[in-house]
Amino acid sequence: MENIFKRFGAARRFDRRARTEAAGSATPWRETVFVTCPKCERRAARQNWAESLYVCPNCGHYQTIGGYYRLSLIFDHGSFRELNERITAADLLHFPGYSEKLLIQKRKTGLSEAVVTATGRIDGMPVVAAVLDSRFFMGSMGTGVGEKVTLAVEYAAAKKLPLIIFSASGGARMQEGIFSLMQMAKTSAAIAKFSAGGGLFISYLTHPTTGGVTASFASLGDITLAEPGALIGFAGPRVIEQTIGQKLPDGFQRSEFLEEHGFVDQIVPRSEMRATLSKLLRLHTTAGRRHA
Ligand SMILES: [Zn+2]
């Protein structure tokens, strides 16, 4: 009985968090009825933004969305269960100012780390999902993120569930130094083991996916999807231009460019995210075959 109450409470908490995040994807959301797009600078009613899942109704620009909100867009209602919620960032090197900055990030976002990991169902098919949240330290990967992602991969392996990771990251978290870089090897090794056991890993790249995250788990998907217009690369375009002394082609490192060159399998608009994942799960998993 206690378990039912606990589950019910957790489901309500998740719904509340997803709703808060949806309305708080960018600073002015709460205060105003009309919100200006940072790209085309045209205004649209908040309600229209919400209906288009925070893609600009005028120009199609993708707003950043929170991890819980994204999960609420793909999971069957009531199926969300968070994994390792309590694992948080650690200031192992006593990096000047890091502890204070962590506190500010936690207060601002309500998150304890830059990734949310969970189990849930998509059209009745159980999956493990991780979402990097770029609102928290630019979705950078420190020990907390590496540990949560690794545990999610290991959980998927143990339960024989498909794995979906939504990446959005500025790269390794510099305040955690070499411990951050170690997470690249740790997460990659966990994925290699998961794949060797026959697990399905769908990597979904969102804006921006860069640095150590691109150079580790984000690039290891059996199937790689991307949101339209997302910046995906290792070093940013400015760094590359300065290094090679050449101007880069238009749209370099954007999803569309990477799809054309074979790095991304398919660009999937936010509105088609759940349907596309459902179709892939039906095609590639045993649970999917039962639901076909
Ligand atoms: Zn716009």
The condition of being part of a helix (DSSP H, G or I) and of a type in the set (Gly, Ala, Ser) holds, among GLY262, GLY212, only for GLY212
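To keep it simple, each residue is scored yes or no on (1) within 17 Å of the chain's Cα centre (by Cα); (2) of a type in the set (A, V, I, L, M, F, W, C); (3) exposed (fewer than 14 other Cβ atoms within 10 Å of the Cβ); (4) within 18 Å of ALA129 (Cβ to Cβ).
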residue: ILE202; (1), (2), (3), (4): yes, yes, no, yes
residue: THR224; (1), (2), (3), (4): yes, no, no, yes
residue: GLU227; (1), (2), (3), (4): yes, no, no, yes
residue: PRO249; (1), (2), (3), (4): no, no, yes, no
residue: VAL264; (1), (2), (3), (4): yes, yes, no, no
residue: THR276; (1), (2), (3), (4): yes, no, no, yes
Would you mind stating whether SER134 is within 13 Å of the chain's Cα centre (by Cα) and modelled with pLDDT under 95?
yes
For the stretch 86-110, what are the residues that are charged (D, E, K, R), over 15 Å from GLU21 (Cβ atoms) and surrounded by 13 or more Cβ atoms within 10 Å (Cβ to Cβ)?
ASP91, LYS101
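Is it true that GLY288 is in contact (Cβ under 8 Å) with a residue 12 or more places away in the chain, within 21 Å of ASP123 (Cβ to Cβ) and surrounded by 13 or more Cβ atoms within 10 Å (Cβ to Cβ)?
yes
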If you check PHE95 against the conditions, is it touching a helix residue (DSSP H, G or I) at 6+ places or on another chain (Cβ under 8 Å), in contact (Cβ under 8 Å) with a residue 40 or more places away in the chain and either farther than 28 Å from GLN175 by Cα or within 16 Å of the ligand (Cβ to nearest atom) (or both)?
no
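From THR88, THR117, which residue is at negative phi and modelled with pLDDT of 95 or more?
Just one listed residue meets the conditions, THR117.
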Could you check the stretch 48-78 and list, in sequence order, the residues that are more than 16 Å from the ligand (Cβ to nearest atom) and surrounded by fewer than 18 Cβ atoms within 10 Å (Cβ to Cβ)?
LEU73, ASP76, HIS77, GLY78
Pairs only if they're at least six apart or on different chains, beta carbon under 8 angstrom, first in the stretch 52-80 and on the phi > 0 side of the Ramachandran plot, second among the basic types (Lys, Arg) and more than 16 Å from the ligand (Cβ to nearest atom); list them, first residue then second.
none
The condition of being surrounded by fewer than 21 Cβ atoms within 10 Å (Cβ to Cβ) and in contact (Cβ under 8 Å) with a residue 40 or more places away in the chain holds, among GLY177, GLY142, GLY212, only for GLY177
Quick check, is ALA235 in a loop (DSSP other than H, G, I, E, B) and either at pLDDT below 95 or in contact with a strand residue (DSSP E or B) (Cβ under 7 Å, 6 or more places away or on another chain) (or both)?
yes
Which residue pairs have Cβ atoms closer than 6 Å, lie 6 or more positions apart in sequence or on different chains, and pair a first residue in the stretch 98-120 that is farther than 16 Å from SER72 by Cα with a second residue that is basic (Lys, Arg)?
THR109/ARG135
Quick one: count up the residues across the stretch 225-264 that are over 16 Å from SER169 (Cα atoms) and among the hydroxyl-bearing types (Ser, Thr, Tyr).
1
Please determine whether any residue of the stretch 133-151 is part of a loop (DSSP other than H, G, I, E, B) and of a type in the set (Phe, Trp, Tyr).
yes
Any helices (runs of 4 or more DSSP H) falling wholly within the stretch 46-117 and containing at least 3 residues that are more than 24 Å from LYS6 (Cα to Cα)
46-51, 98-109
Residues in the stretch 33-46 that are within 16 Å of the ligand (Cβ to nearest atom) and farther than 16 Å from GLY229 by Cα total 9
Only one of (1) part of a helix (DSSP H, G or I); (2) at pLDDT below 90; (3) more than 16 Å from the ligand (Cβ to nearest atom) does not apply to PRO28, and that is (3)
Of all residues in the stretch 172-228 being of a type in the set (Ser, Thr, Tyr) and in contact with a Ser or Thr (Cβ under 6 Å, 6 or more places away or on another chain), the one that is farthest from PHE95 (Cα to Cα):
THR224
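The values are calculated or read from the model by the stated rules, or taken from the named source; none is laboratory data. These numbers come from a predicted model, not from an experiment. All Cβ positions, even for glycine, are placed from backbone atoms using ideal geometry, and neighbour counts span all protein chains on display.
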